[in-house]
Amino acid sequence: MQGVSFRYYTQQQARALGLAGYARNLPDGRVEVLAIGDDAALEQFALWLARGPALARVTEVLRSPADGNEWRGRGFETG
């Protein structure tokens, strides 16, 4: 996903949906995303992540519950 501004577009989509959390690159080239928000927004976000931005090639999206309370109200960051 490197080189297609995946984290930037992920941040823009998350902010548009009112989600908090982050998107960051992992050492192996994957992108980790933590998103906190209401269920409907999270579902929309998950659908978007499965497609990604125009030039991205998304091969897999894994979802799991997470305790992200420390991110509530902090916005959505990239790192």
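The values are calculated or read from the model by the stated rules, or taken from the named source; none is laboratory data. Everything numeric here is computed off the predicted structure, so don't read it as measured data. For neighbour counting, all protein chains shown are included, and Cβ atoms are generated from backbone atoms with ideal geometry for every residue, glycine included.
Key figures
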item: Residue satisfying condition, being modelled with pLDDT of 90 or more and either among the acidic types (Asp, Glu) or under 10 Å from the mean Cα position of the chain (by Cα) (or both), within set 34, 26; result: 34
item: Number of positions in the range 49-79 that are in a helix (DSSP H, G or I) and acidic (Asp, Glu); result: 1
item: When residues of the range 49-67 are limited to those that are within 13 Å of the chain's Cα centre (by Cα) and in contact (Cβ under 8 Å) with a residue 24 or more places away in the chain, the one farthest from residue 16 (Cα to Cα); result: 58
item: Selected residue (criterion: surrounded by the most Cβ atoms within 10 Å (Cβ to Cβ)) from residues of the range 1-48 that are touching a residue at least 40 places away in the same chain (Cβ under 8 Å), of a type outside the set (Ser, Thr, Tyr) and in a helix (DSSP H, G or I); result: 14
